[in-house]
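Q: Sharing a structure below in C-alpha cells format, with a few things to ask.
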Amino acid sequence: MKRLGLLLLIVVLACTIADAAQGVKPIRTLVGHMGSVESVAFSPDGRILASGSGDKTIKLWDVEMGSLIRTLTGHTNWVRSVSFSPDGRILASGSGYGTVRLWDVGTGKLIRALKGHMDSVHSVAFSPHGRILASGSLDKTITLWDVKYVLSSEIGCRASGRECQEIIVYV
C-alpha cells in the first residue's frame, strides 16, 4: 500500500510538472485577417492590439473583449510591421511596397504616407519620447523620420500632395 501511495504521488507530480512545462494556455484567439499575420503590437496602455497582415490591412482589436474595433485600409502590399507611439494616439505601419503610414488610432484615418525606402519596410519603431520614428527596409537602410514635423505639417502636406521628408538615413 505504501508503494502504491508513492507511485500515485510520483504520477501526480509528473502530471503537474508536465502541465507546467507546456506553458501558459491561450486566453483567446483573434480571427479576422484573410492573409498571414505579419506583425502585432500592444498599445502602451495594453487595451488595444494592432495586427498587420498579408491581406494589406491593419486590424485594431479590443484586448479585453477580444473584439475587432476597426480595420485600417490603404496599403497596397503586405503590412510587415506595426508600432504604437508612446502616447498610443498614432500607429505606424510598414509595408511590402516600401511605404510607412501613420494612422490616427482614435479615428482609424490615415494621417500620412511616408516615402523614402526603395524596398519593403519590415520594421517600424517609435523612439521613447515619440518624436522620431525609425523604419528598417530590405533596401539595407534605416530611415529616421521627424514625427513632430510630419504631424505639424499634416494639413499643408496633405492639401499640396507633398510627401514627408526623411531626416537621416543610416546604411
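Read the figures in this text as sums done on the coordinates, not as results from a lab. Source: prediction; values computed, not measured. We place every Cβ from the backbone using ideal geometry, glycine too, and count neighbours over all the protein chains shown.
Q: Among VAL63, VAL82, what is the fewest-to-most ranking by other Cβ atoms within 10 Å?
A: With the fewest neighbours first, VAL63, VAL82 line up as VAL63, VAL82.
Q: Counting only residues 5 or more places away or on other chains, whose amide H sits under 5 Å from the amide H of SER95 once H atoms are built in the peptide plane?
A: ARG80, VAL121
Q: Here is a follow-up. For region 50-117, list log₁₀ I(q)/I(0) at each q in 0.15 Å⁻¹, using the Debye formula over Cα point scatterers of equal strength and ignoring solvent, two decimals each.
A: -0.42
Q: Something else about it: Please give, to one decimal in nm, the separation of the simple spin-label points placed at ARG89 and LEU144, each 7 Å out from Cα toward the Cβ.
A: 2.3 nm
Q: A further question follows. For a quick size check, give me the Cα extents of region 78-144 along its three principal axes, largest first, whole Å.
A: 31, 23, 15
Q: To continue, here is another question. In the structure shown, do any of LYS56/LYS148; LYS59/LYS140; LYS25/LYS140 have a Cα-Cα gap over 30 Å, and if so which?
A: LYS25/LYS140
Q: Take MET65 and ASP45, extend 7 Å from each Cα along the Cα→Cβ direction, and tell me the distance between the two endpoints in nm.
A: 1.4 nm
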